[in-house]
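Participant: Before we start, here is the structure in question, set down as structure tokens.
The values are calculated or read from the model by the stated rules, or taken from the named source; none is laboratory data. These numbers were taken from a predicted model, which means no experiment stands behind them. We place every Cβ from the backbone using ideal geometry, glycine too, and count neighbours over all the protein chains shown.
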Amino acid sequence: MENSKPNYRPVIGLALVSLILCGLFFPLLITGIAQIVFPNQANGDLAKLHGHTIGSYLIDNNFTLPVFFHARNESSVLTASASSVDPDITLSQAYSQIPRISQATGIPPSNLTSIVNGNVEGTFWIFGSPYVNVLKLNLILINEYPAVYKNHTA
């Protein structure tokens, strides 16, 4: 009876080929396609203020001061996002923050309501609810009311 040693070479070879294909080639291919087809989103959809990158429209930017819209409504336990990094809020969440922002900044509630209403983003046809992007709203506030926000932006 012959004693044969196990041959691990095919297994190791397959693992290396899989690692190179799935761990290197495929991600680079998809990243390259994304750079061509969706360059802004592939790079994070970054927002700039006065030439400096300040955040991304694609994730929550964690605004906490009372003069800004917040992605997480303090009084709401349930949010639309399970990941808690969603940058968007429902219209009712935006409207509920208007009194706080108005009181903290002196901006009339009607002006804040107009900003919210002017930046509603829809969803495809009947799927989903209208929403607003928190970073977009806050950048509009900073740009439209520079005297109010001069101490909150650097």
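Participant: In the stretch 116-149, what count of residues is obtained for those that are in contact with a helix residue (DSSP H, G or I) (Cβ under 9 Å, 6 or more places away or on another chain) and in a loop (DSSP other than H, G, I, E, B)?
Facilitator: Residues flagged as in contact with a helix residue (DSSP H, G or I) (Cβ under 9 Å, 6 or more places away or on another chain) and in a loop (DSSP other than H, G, I, E, B) within the stretch 116-149 amount to 6.
Participant: Of all residues in the stretch 97-110, count the ones that are touching a residue at least 12 places away in the same chain (Cβ under 8 Å) and in contact with a helix residue (DSSP H, G or I) (Cβ under 8 Å, 6 or more places away or on another chain).
Facilitator: Adding up the residues that qualify gives 5.
Participant: In the stretch 121-141, what residues are of a type in the set (Phe, Trp, Tyr) and surrounded by 12 or more Cβ atoms within 10 Å (Cβ to Cβ)?
Facilitator: Across the stretch 121-141, the qualifying residue is only TYR131.
Participant: While we're on this one: Applying the selection to the stretch 6-53, what residues are in a helix (DSSP H, G or I) and among the hydroxyl-bearing types (Ser, Thr, Tyr)?
Facilitator: SER18, THR31
Participant: Sticking with this structure for a sec: Exactly one of these conditions fails for ILE20: (1) among the β-branched types (Val, Ile, Thr); (2) modelled with pLDDT of 95 or more; (3) farther than 20 Å from GLU121 by Cβ; (4) surrounded by 15 or more Cβ atoms within 10 Å (Cβ to Cβ). Give me its number.
Facilitator: Just one mismatch for ILE20, condition (4).
Participant: Can you confirm whether GLU144 is under 17 Å from the mean Cα position of the chain (by Cα) and surrounded by fewer than 14 Cβ atoms within 10 Å (Cβ to Cβ)?
Facilitator: So GLU144 does not fit the description; no.
Participant: Which is modelled with pLDDT under 80, surrounded by fewer than 14 Cβ atoms within 10 Å (Cβ to Cβ) and among the polar types (S, T, N, Q), of ASN40, ASN62, ASN73?
Facilitator: Residue meeting the stated conditions: ASN62.
Participant: Go through the stretch 1-59 and give me each residue that's charged (D, E, K, R) and touching a strand residue (DSSP E or B) at 6+ places or on another chain (Cβ under 7 Å).
Facilitator: Residues satisfying the conditions are ASP45, LYS48.
Participant: Moving on to the next point. With modelled with pLDDT under 85, assigned by TED's automatic domain parsing to the domain that holds VAL116 and over 20 Å from LEU139 (Cβ atoms) as the only criterion, which of SER84, SER92 stands out?
Facilitator: Matching residue, one of SER84, SER92: SER84.
Participant: Hey, ALA94 hits all of (1) hydrophobic (A, V, I, L, M, F, W, C); (2) on the phi > 0 side of the Ramachandran plot; (3) in contact with a Leu (Cβ under 8 Å, 6 or more places away or on another chain) but one; which does it fall short on?
Facilitator: Single failed check for ALA94: (2).
Participant: Please go through the stretch 100-120 and give me each residue that is surrounded by fewer than 13 Cβ atoms within 10 Å (Cβ to Cβ) and in contact with a Pro (Cβ under 7 Å, 6 or more places away or on another chain), ordered by number.
Facilitator: VAL120
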